[in-house]
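Just below is one structure, and these are the notes that go with it.
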Amino acid sequence: MEDVGSLAARVAAVWLALVLALIVVPSALGVSLGISEAYMRLLVRTLEWATIRIEKGVKKAQPQMLKTPVANGIIERDETTMEKEIAGLHRVDFEFSDIFYFCRKGFEAIVEDEVTQRFSSEELVSWNLLTRTNVNFHYISLRLTIVWVIGVVVRYCFLLPLRFTLAAIGITSMIVGTTMVGQLPNSNVKSYLSELVHLTCSRILVRALSGTIHYHNKENKPQKGGICVANHTSPIDAIILTNDGCYAMVGQVHGGLMGVIQRATVKACPHVWFERSEVKDRHLVTKRLREHVADKSKLPILIFPEGTCINNTSVMMFKKGSFEIGGTIYPVAIKYDPQFGDAFWNSSKYNIVSYLLRIMTSWAIVCNVWYMPPMVRKEGEDAVQFANRVRSAIARQGGLTELPWDGGLKRAKVKDTFKEEQQKNYSKMLVRNGSIGNLSTGTESD
Amino acid sequence: MGSRASTLLRDEEIEEIKKETGFSHSQITRLYSRFTSLDKGENGTLSREDFQRIPELAINPLGDRIINAFFPEGEDQVNFRGFMRTLAHFRPIEDNEKSKDQNGPEPLNSRSNKLHFAFRLYDLDKDDKISRDELLQVLRMMVGVNISDEQLGSIADRTIQEADQDGDSAISFAEFVKLRC
């Protein structure tokens, strides 16, 4: 028994030493030993091979499936506007067939709508050898299955413990490091050390996710006293960004481990954590952020204006609060590559622990980060227009679609004003077409 | 999770649905994924709230009527078969179907069945007639608050006048069919 115990202890010690030497120390110094690059190359080659096999297998099994599938969905939507469809035919006024337009739109929405699909993970074009993404892919060949089994073994038995160790190291050193730095009096040394601690721990955590991040246009990196806005896909967005620079985080105070991290880090660096009650008070929030931004020596704030996680295929409505603070906005676009691992956190389906587990058993997290030139509010532009302008820029840069819908629709009901707008449009057509001249009510005047 | 969707739908069920509705195998599996993603309660049926969670449907003026069409008389839940049966009304007619034999049962998406579906959207009390009140109800849903009662009433009267052939101030299904150009 003792032999087994001491053997296990020795194995653990060797393991820890290897991890520290090969991963932790280089990331602390900011150098790379090339191990992750080699892993990524192998992974890319394997997935390409798998894709080719699957395509060959599919062609063999179902040769008649040559009908090209619709690019982005199940159905091809007919985009005729209400005006063209109902009012296009020359006629007097109301027709029984007018309901067909609304019927059609309704059925299209039932089969596939633009909004609810953003709250679940993106479907892959080709299987990436993870069970969780296997939606419609059937058994193809023995070799593919063997590769899949090897993949499962590698991911769960080797990568998962490794990543877990790294994450543990990263979080512990973040808490310990920032607490220690927090004891120092405010000075340049303190800021320098705090930045160092944050950067190092971020790098360790990124390694813990096997993250490969490409940063573009680094000359546009957010400056002090500015506000950095980005699209939101998952809680690890923050880690992705802090891997390359230091930001002041904004967020609600949580309990548990997250709360411990928050309390520790705020001593070292002026993050802005709000109590749950304060969040309701928008003026208080705006005031605190405005004070932070006004102090030009403070780190740039990091805000995710969508307010909730979206699945990285589109950018939803930006809440205007962040754009009322003033100051310079530095937009950042983050686009994950879903082939290697799905970063989206579907908070209604998975809690944070199962989410992290899924992330740690994916192949890798690969993403592109684009820093974009700073934007300021123009004369005569209100917060909503400014928010939309920034959103379009981010969507264009990241190759995402833009949706005018509110991310809050994940949980809340849609406002009635949209329905009222449609009703108004239809009424306009009825009144315009109809010869109801002598019964004018003054509701519509074009 | 993704794989759950395809395993819970057995092949015999898919065949039955295929025969009844005319959807293809892959269409049925995809629509089943859609059904399960809408089914937040994960009990194999959809309720009216599940439909109303679709924002584009919730803002449709006729949204409630359309949702109602899915639920059989007096029931609050619709299963996948019922879901597909209603959707089948709007399945586009494939080329190879046009020449099918006339002796088999009429496909769900035939012109006549589509008209029946539309008729039922108006005819709430299912008495096979669209009364002035029922027409007014649908009109009111579509225009909201933007048109006055008198104006709406005159539109309804004029529409019924044009379509009514047997003088009972209501539209029967035969008169309804004749309206379409």
Restricted to region B:125-143, and to residues that are hydrophobic (A, V, I, L, M, F, W, C) and within 19 Å of B:Asp164 (Cβ to Cβ), which residue is farthest from the chain's Cα centre (by Cα)? B:Leu136
Run down A:Val266, A:Val250 and say which single residue is in a helix (DSSP H, G or I) and not acidic (Asp, Glu). A:Val266
Scan region B:173-181 and tell me whether some residue there is β-branched (Val, Ile, Thr) and buried (at least 16 other Cβ atoms within 10 Å of the Cβ). no
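This table checks each residue for (1) at pLDDT 85 or above; (2) out of contact with any Leu (no Cβ under 8 Å at 6 or more places or on another chain); (3) open to solvent by less than 10 Å² (accessible area, probe 1.4 Å).
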{"residue": "A:Ile301", "(1), (2), (3)": "yes, no, yes"}
{"residue": "A:Met317", "(1), (2), (3)": "yes, no, no"}
{"residue": "A:Phe323", "(1), (2), (3)": "yes, yes, yes"}
{"residue": "A:Lys335", "(1), (2), (3)": "yes, no, no"}
{"residue": "A:Val369", "(1), (2), (3)": "yes, no, yes"}
{"residue": "A:Pro374", "(1), (2), (3)": "yes, yes, no"}
{"residue": "A:Gln385", "(1), (2), (3)": "yes, yes, no"}
{"residue": "A:Asn388", "(1), (2), (3)": "yes, yes, no"}
A careful count of residues in region B:42-58 that are open to solvent by less than 60 Å² (accessible area, probe 1.4 Å) and more than 8 Å from chain A (Cβ to nearest Cβ) gives 5
What are the pairs with Cβ atoms under 9 angstrom where one residue, in region A:406-419, is over 25 Å from B:Gly144 (Cα atoms) and open to solvent by 80 Å² or more (accessible area, probe 1.4 Å) and the other, located anywhere, is at pLDDT 80 or above and not acidic (Asp, Glu)? Sequence gap at least six, or different chains. A:Arg411/A:Thr308
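A quick yes/no check of all residues on (1) more than 30 Å from A:Ala17 (Cα to Cα); (2) over 29 Å from the mean Cα position of the chain (by Cα); (3) surrounded by 13 or more Cβ atoms within 10 Å (Cβ to Cβ); (4) modelled with pLDDT under 85:
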| residue | (1), (2), (3), (4) |
| --- | --- |
| A:Ser97 | yes, yes, yes, yes |
| A:Phe119 | yes, no, yes, yes |
| A:Trp127 | yes, no, yes, yes |
| A:Arg132 | yes, no, yes, yes |
| A:Leu160 | no, no, yes, no |
| A:Thr178 | no, no, yes, no |
| A:Gly182 | no, yes, yes, yes |
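The rows are residues; the columns are (1) over 22 Å from A:Ile310 (Cα atoms); (2) open to solvent by 10 Å² or more (accessible area, probe 1.4 Å); (3) β-branched (Val, Ile, Thr).
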| site | (1), (2), (3) |
| --- | --- |
| A:Ser234 | no, no, no |
| A:Met249 | no, yes, no |
| A:Gly255 | yes, yes, no |
| A:Arg263 | yes, yes, no |
| A:Val266 | yes, yes, yes |
| A:Pro270 | yes, yes, no |
| A:Arg276 | yes, yes, no |
Any residue that is open to solvent by less than 90 Å² (accessible area, probe 1.4 Å) and within 26 Å of A:Phe107 (Cα to Cα) - is there at least one of those in region B:160-170? no
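Of the residues B:Asn96, B:Asn109, B:Asn113, B:Asn146, which is more than 11 Å from chain A (Cβ to nearest Cβ), crowded, with 18+ Cβ neighbours inside 10 Å and either at pLDDT below 85 or over 30 Å from B:Asp166 (Cβ atoms) (or both)?
On the way: B:Asn96 fails: crowded, with 18+ Cβ neighbours inside 10 Å; B:Asn113 fails: crowded, with 18+ Cβ neighbours inside 10 Å; B:Asn146 fails: more than 11 Å from chain A (Cβ to nearest Cβ).
Unique residue meeting the criteria: B:Asn109.
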When region A:24-41 is checked residue by residue, the ones that are assigned to a helix (DSSP H, G or I) and either closer than 16 Å to A:Asn243 by Cβ or under 26 Å from the mean Cα position of the chain (by Cα) (or both) are A:Val24, A:Pro26, A:Ser27, A:Ala28, A:Leu29, A:Ser36, A:Glu37, A:Tyr39, A:Met40, A:Arg41
Please go through region B:20-46 and give me each residue that is in contact with a Lys or Arg (Cβ under 9 Å, 6 or more places away or on another chain) and of a type in the set (Ser, Thr, Tyr), ordered by number. B:Thr21, B:Ser24, B:Thr36
Got a sec? Which of B:Leu38, B:Leu9 is at pLDDT 85 or above and within 12 Å of chain A (Cβ to nearest Cβ)? B:Leu38
For region B:18-32, name all the residues that are assigned to a loop (DSSP other than H, G, I, E, B) and within 13 Å of another protein chain (Cβ to nearest Cβ). B:Phe23, B:Ser24
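The values are calculated or read from the model by the stated rules, or taken from the named source; none is laboratory data. Keep in mind the model is a prediction, meaning the values are calculated, not measured. Using ideal geometry, Cβ is built from the backbone for each residue, glycine included, and neighbour counts are taken over all protein chains shown. Only protein heavy atoms, including side chains, enter the accessible area calculation; ligands, DNA and RNA are left aside. Shrake-Rupley method; radii C 1.70, N 1.55, O 1.52, S 1.80 Å.
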